[in-house]
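Any read-out appearing in this document is the output of simple, stated calculations on the displayed coordinates, not a laboratory observation. Model, not experiment: these values are computed from the prediction. In this analysis, Cβ positions are derived from the backbone assuming ideal geometry, glycine residues included, and neighbour counts consider all displayed protein chains.
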Amino acid sequence: MITMPKKPKSKSKGKKVKRWELYEVKDGKASLKNKVCPKCTSILAENKGRKYCGKCRYTEILKKSE
Ligand SMILES: [Zn+2]
């Protein structure tokens, strides 16, 4: 019988955003951490200083803190 080398734990490919991480649970209530789109109420994705709605392409540029 040939013993196979132990496989290293699979590297996580790409970060998957867990849905629940977008929420902050307080007093048993989940509140959104992220802003929602004012147009279609989807959760805005934050990316490089801007917030972006993947649904309706609404983009909000965040103020730079310098
Ligand atoms: Zn939207």
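The packing ranking, built from the mean of other Cβ atoms within 10 Å per residue, places the peptides 38-47, 55-64 in the order 38-47, 55-64, highest first. Between residue 45 and 52, 53, 54, the built amide H atoms are under 5 Å apart, and every one of these is 5 or more places off in sequence or on another chain. Using a cut-off of 32 Å between Cα atoms, the listed pairs 26/51; 9/29; 6/55; 9/63; 9/39; 26/64 include 9/29; 6/55; 9/63; 9/39 as exceeding that distance.
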